[in-house]
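Structure first, then comments.
The values are calculated or read from the model by the stated rules, or taken from the named source; none is laboratory data. What you see is a predicted model; the values in this text were computed from it and never measured. For neighbour counting, all protein chains shown are included, and Cβ atoms are generated from backbone atoms with ideal geometry for every residue, glycine included.
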Amino acid sequence: MNKITLLHEGKAKKVWQADDADLIIQEFKDDATAFNNKKKGSIADKGVTNNAIASRLFVMLGENGIPTHFVSKLNDRDMLCKKLDIVLIEVVTRNVAAGSLVRRYGFAEGTVLPKPIVELYLKNDDLDDPLMNEDHAVALGLGTYEEVAQLKEMAEKINALLVPWFAERHLRLVDFKLEFGRHKGEILLGDEISPDTCRFWDAESGEKLDKDRFRLDLGGVEDAYSEVKRRVLEQ
């Protein structure tokens, strides 16, 4: 499968039109950004690592009934995917208080939530991806109430699969962001699932093993990403 035309270049990936009009190729980059692109840098081999992790997770989710855009892992950096009309809603699921949940509401970091919280954000960097509710999403024409409910339901199902799966690998899934898109009338999980889009803490030590190491200048970013990759692929 060949890259024909560059359709879009984002913060973490390039998206290419493939030979088949219904397919695209996601090329994972080493670029790293935080705080809605206000902090920029690079993480060595991040693209290779995230492609490997995301490919494994898409396969696992697909085997458990979650429809995704994943077709195949082409090589170290490239993933073949179904072409999506992206829904401009980022769906964040939170199991443990961290990040903006702590800043907004005063939770102590590490507080286990009584039940997962699912949040919706407008996918718009210029507006700093604001938090919104279902009424905002519908008023903005991003989807119907039924579609927004479907996104939240899918996020809850994905969370229910991922939490124990990562726990078996001694990783605590603190929170994560999902993106979805429409393909031939069906809503599919898109984008990626990786240390770029998830907060992972070591289940025993609580060590952060995700992009917070880059955001907060904690060091050891490459090692953290590699450790997640090792646990995801070796077990």
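Numbers for the structure displayed
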quantity: Residues satisfying the stated conditions in region 63-84, i.e. within 14 Å of residue 17 (Cβ to Cβ) and among the charged types (D, E, K, R); calculated: 78, 82, 83
quantity: Boolean, residue 89 is under 17 Å from residue 190 (Cβ atoms), of a type in the set (A, V, I, L, M) and not assigned by TED's automatic domain parsing to the domain that holds residue 181; calculated: no
quantity: Test: residue in region 107-126 that is assigned to a strand (DSSP E or B) and either aromatic (Phe, Trp, Tyr) or more than 19 Å from residue 173 (Cα to Cα) (or both); calculated: yes
quantity: Some residue of region 19-32 being modelled with pLDDT under 95 and either of a type in the set (D, E, K, R) or farther than 28 Å from residue 165 by Cα (or both); calculated: yes
quantity: Inter-residue pairs, beta-carbon under 8 Å, first in the same structural domain as residue 94 (by TED's automatic domain parsing) and in region 149-163, second assigned to a helix (DSSP H, G or I) and of a type in the set (Asp, Glu), 6+ apart; calculated: 149/134
quantity: Residue 178 in contact with a helix residue (DSSP H, G or I) (Cβ under 6 Å, 6 or more places away or on another chain), surrounded by 22 or more Cβ atoms within 10 Å (Cβ to Cβ) and closer than 17 Å to residue 85 by Cβ; calculated: yes
quantity: Residues that are more than 14 Å from the chain's Cα centre (by Cα) and either of a type in the set (A, V, I, L, M, F, W, C) or over 23 Å from residue 187 (Cα atoms) (or both), drawn from region 50-69; calculated: 59, 60, 66
quantity: Residue list for region 181-199, restricted to those being of a type in the set (A, V, I, L, M) and either surrounded by fewer than 23 Cβ atoms within 10 Å (Cβ to Cβ) or at pLDDT below 95 (or both); calculated: 187, 188
quantity: Index of the failed condition, residue 192 passing every other in (1) outside the structural domain of residue 118 (by TED's automatic domain parsing); (2) in contact with a helix residue (DSSP H, G or I) (Cβ under 7 Å, 6 or more places away or on another chain); (3) not β-branched (Val, Ile, Thr); calculated: (1)
quantity: Residue among 156, 146 that alone is at pLDDT 95 or above, farther than 30 Å from residue 48 by Cα and acidic (Asp, Glu); calculated: 146
